[in-house]
Amino acid sequence: MKNRRSFLKEVCPTVAFAFFGLSFLEACSSGDDDAAIANPNNGGGTGNTDSGYTVNGNTYTIDLTHSNFSQLANTGGWMNGKNIGIPALFLRISSTEIQAYTNVCPHQGYTEWSYNNNLFKCANSGPTHGREFSDNCNSDLTCYNPNLNGDTLTLTIS
Ligand code: FES
C-alpha cells in the first residue's frame, strides 16, 4: 500500500488539483516539511529551542534563562511575546509567579502594548483606541494560568 507522500509524488500536481482543488495541491510541496507544518509558530519542530521555547499544540514550554525572556527576571518586568511568536503578554508578579494574558486587544485585535501602573495599554493610537486593561485578571483582557517551575514556564493558551 502506498503512503501519502509517494501517492502525492505520482499524481501531483495536475491530477490531484483537478480532483481535490487547491488544498490538495499545497500538500504537494517537496521536502520533509511535516514538522514545520505541525508547528508553524516556532519555525519547525517541537525540539526547536532557538527562541527559548518549544510549542506543542497550544502549550508553550519556556526556558526563562534564554535571553528572549530576560525582561521577566525581576518582579514588575513584562514582555509581549508577539515578536518571538507567542501570542501572549507576560508579567512577573513575584519571584514565584508570572502571569500571562492574551496579547489580542479585546477591542479590535491590535497586538502591540505598553505597560505602566498595573495597566496594559493598547498601542493602537486611533481616536477610539488606546484602551487600558488592568493586570488583575478582572478586566476584559483574558488571563491564562501559566505554571512556573524553577526556570521553566508552561503556558497553555486556550
Ligand atoms: S484595538 Fe485596542 S483599543 Fe482599539
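Read-outs: derived from the displayed coordinates by stated rules, not from any lab. Predicted model, so just to flag it, every value in this text is computed and none were measured. Here the Cβ positions follow ideal geometry from the backbone for every residue, glycine too, while neighbour counts run over all protein chains shown.
If R0 is taken as 22 Å, the Cβ-Cβ distance between LEU119 and ASN145 corresponds to a FRET efficiency of 0.60.
Using only Cα atoms, locate the centre of the stretch 125-152 and the centre of the stretch 44-116, then give the distance between them in Å, rounded to an integer. Spelled out, the Cα-based centre of one part sits 11 Å from the other. With the simple model of a label 7 Å out from the Cα in the direction of the Cβ, THR59 to HIS107 spans 3.6 nm. With q set to 0.18, 0.28, 0.32 Å⁻¹, the log10 of I(q)/I(0) for the stretch 118-158, from the Debye formula over equal scatterers at the Cα positions, is -0.67, -0.94, -1.01. The base-10 log of I(q)/I(0) for the stretch 41-156, evaluated at q = 0.17 Å⁻¹, reads -0.81 [Debye formula, identical scatterers on Cα atoms, solvent excluded].
Compactness of the stretch 99-144 was expressed as the Cα radius of gyration divided by 2.2 N^0.38 Å, which yields 1.03.
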